[in-house]
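Heads up, the thing below is written out as structure tokens.
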2 protein chains.
Amino acid sequence: MTLRFSAREKVLDAALAVIRCNGYAATTVDELCARAGVTKGAFFHHFSSKEDLAIAAAQRWSEKARTLFAAAGYHAHGDPLERVLGYIDFRKSLLRGGLPEFTCLVGTMVQETYDSHPAIRDACARSILGHAATLEADIEAAIESYDLKPAFTAKSLALYTQAALQGAFILAKATGSARAASDAVDHLRRYIELLFRKPKRGRP
Amino acid sequence: MTLRFSAREKVLDAALAVIRCNGYAATTVDELCARAGVTKGAFFHHFSSKEDLAIAAAQRWSEKARTLFAAAGYHAHGDPLERVLGYIDFRKSLLRGGLPEFTCLVGTMVQETYDSHPAIRDACARSILGHAATLEADIEAAIESYDLKPAFTAKSLALYTQAALQGAFILAKATGSARAASDAVDHLRRYIELLFRKPKRGRP
DNA sequence: GACGGCATACCGACTGGTTGGTATGAAAGC
DNA sequence: GCTTTCATACCAACCAGTCGGTATGCCGTC
């Protein structure tokens, strides 16, 4: 066989697509197998259960995100605030194509599984919190370079960006258009701009 | 039976609780019946299908929200901005108890069903957009009374508040604590304060 | 380098339990 | 007596997961 280990990859790719369309519970192992062009035997050879597949999918999601964002251009800005705003702009630029193509796998999965599948929930949490953590250093540096004494922490702002983005996806799904998400991201950007705006004269 | 129409109500109440725990797809008709203390015959007498139940649940959710928010005290403020901030504070005050008790039914459902069950998606969209619309007038009035010429519309800000809240719920589910949601709501409040250049609560 | 032993990768029919939904009828209220 | 409200019994489809089996690569031994 020329391509070994390919079944696992094909199943994971199928999972990212199908689960983002239908969610975790409504996704069947058979459908995943059909999409991946793989048999059930191969599926359960690589994954011990459907839950195991979901955890692996969340990990793969994290890896794809890591490489995608690491390769993005916004890290080049000298000003840390510009890096943070560049991140937001980059997120907005990703809102293209169909909804299943730009919405978040782990945000979708954690909604359905947080109470019934703790292992999946934890994998999703690691993905979201891990991604948020990549923003923290830039936010922290921006706070220092702008001499801010904020009532919030860099971590909580990083998490809030993820909340706003996840909520933007929900609005997009409800309205059926990326526009709703795009508008929400505009508000998120404006918030960060306002946070770091130099206080006007006469105000603290 | 002394109480007529009670089966329908009991099933709907069960649906609000169970779907918020497990999502739509993972919720079975049998579990709903068991929780409601009702038989399957009663279920399918009142609802033509599981999908029909979900739509009715979304409508009931909207009604419960309508009465809950209509009864809240923030409408009494004379300043429209105070009404908007009062709404945010009220939302924050609701973040009590277990996660299934304060998270949003329609936000959860639309994530799983937007692609496969258009009728449920539309019911969820009506619920979210309808609720957002109740904020619009106050935001609009606040913009006028503060003489703002904003780059955003009252409608888009109203929708953004919902996005931030929905995202806050996702963070809460991922981390397993209401604290994450509460922190996100604080950021949302700060954004609105900054938009209207309003000093923080507690300051003279 | 041929061979044997063993692990990995995969196949697909099968299963036991579950699921959404139906058929039928009884009891209660108007 | 007719409609509404529910209960019981049931079903066909579907589901995650199993299992016996095959194909192929790897590695040490002679």
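The values are calculated or read from the model by the stated rules, or taken from the named source; none is laboratory data. As the structure is a computational prediction, the values presented were derived from the model and not from experiment. With ideal geometry, Cβ positions are generated from the backbone for all residues, glycine too; neighbour counts draw on all protein chains shown.
Please indicate, with yes or no, whether at least one residue in region A:168-182 is over 21 Å from A:His75 (Cα atoms) and among the charged types (D, E, K, R). Please lay out each step first, then the result.
Applying the first criterion (over 21 Å from A:His75 (Cα atoms)) to region A:168-182 yields A:168-182.
Next cut, among the charged types (D, E, K, R) only: A:173, A:179.
Checked against the condition, which is being over 21 Å from A:His75 (Cα atoms) and among the charged types (D, E, K, R), region A:168-182 yields at least one hit.
Determine, yes or no, whether A:Ala71 is within 30 Å of A:Lys92 (Cβ to Cβ) and exposed (fewer than 12 other Cβ atoms within 10 Å of the Cβ). Before you say what the answer is, go through the steps one by one.
On the way: within 30 Å of A:Lys92 (Cβ to Cβ): yes; exposed (fewer than 12 other Cβ atoms within 10 Å of the Cβ): yes.
Yes: the conditions hold for A:Ala71.
Given the criteria within 14 Å of DNA strand C (Cβ to nearest atom), at pLDDT below 95, over 14 Å from the mean Cα position of the chain (by Cα) and within 14 Å of another protein chain (Cβ to nearest Cβ), does A:Thr39 qualify? Give the derivation first.
Details: within 14 Å of DNA strand C (Cβ to nearest atom): yes; at pLDDT below 95: yes; over 14 Å from the mean Cα position of the chain (by Cα): yes; within 14 Å of another protein chain (Cβ to nearest Cβ): no.
Spelling it out, it is not the case that A:Thr39 is within 14 Å of DNA strand C (Cβ to nearest atom), at pLDDT below 95, over 14 Å from the mean Cα position of the chain (by Cα) and within 14 Å of another protein chain (Cβ to nearest Cβ).
The sole residue among B:Asp52, B:Asp13 that is outside any loop (DSSP other than H, G, I, E, B) and either within 14 Å of DNA strand D (Cβ to nearest atom) or within 14 Å of another protein chain (Cβ to nearest Cβ) (or both) is B:Asp13.
For region B:86-101, indicate whether the set of residues that are touching a Pro at 6+ places or on another chain (Cβ under 9 Å) and not in a loop (DSSP other than H, G, I, E, B) is non-empty. Within region B:86-101 (the criterion being touching a Pro at 6+ places or on another chain (Cβ under 9 Å) and not in a loop (DSSP other than H, G, I, E, B)), the answer is no, since none of the residues qualifies.
Limited to region A:16-49, what total is found for residues that are among the β-branched types (Val, Ile, Thr), surrounded by 21 or more Cβ atoms within 10 Å (Cβ to Cβ) and within 9 Å of DNA strand D (Cβ to nearest atom)? Talk me through it step by step, then tell me what you get.
The initial filter retains those residues of region A:16-49 that are among the β-branched types (Val, Ile, Thr), namely A:18-19, A:27-29, A:38-39.
Add one more test, that the residue is surrounded by 21 or more Cβ atoms within 10 Å (Cβ to Cβ), and what stays is A:18-19, A:27.
When the remaining residues are screened for being within 9 Å of DNA strand D (Cβ to nearest atom), the result is A:27.
Total meeting the criteria: 1.
Selection of region B:95-124 for residues being within 14 Å of B:Val18 (Cβ to Cβ) and out of contact with any helix residue (DSSP H, G or I) (no Cβ under 7 Å at 6 or more places or on another chain) yields B:Gly98, B:Glu101.
Considering each residue of region A:60-82 in turn, none proves to be within 12 Å of DNA strand D (Cβ to nearest atom) and hydroxyl-bearing (Ser, Thr, Tyr).
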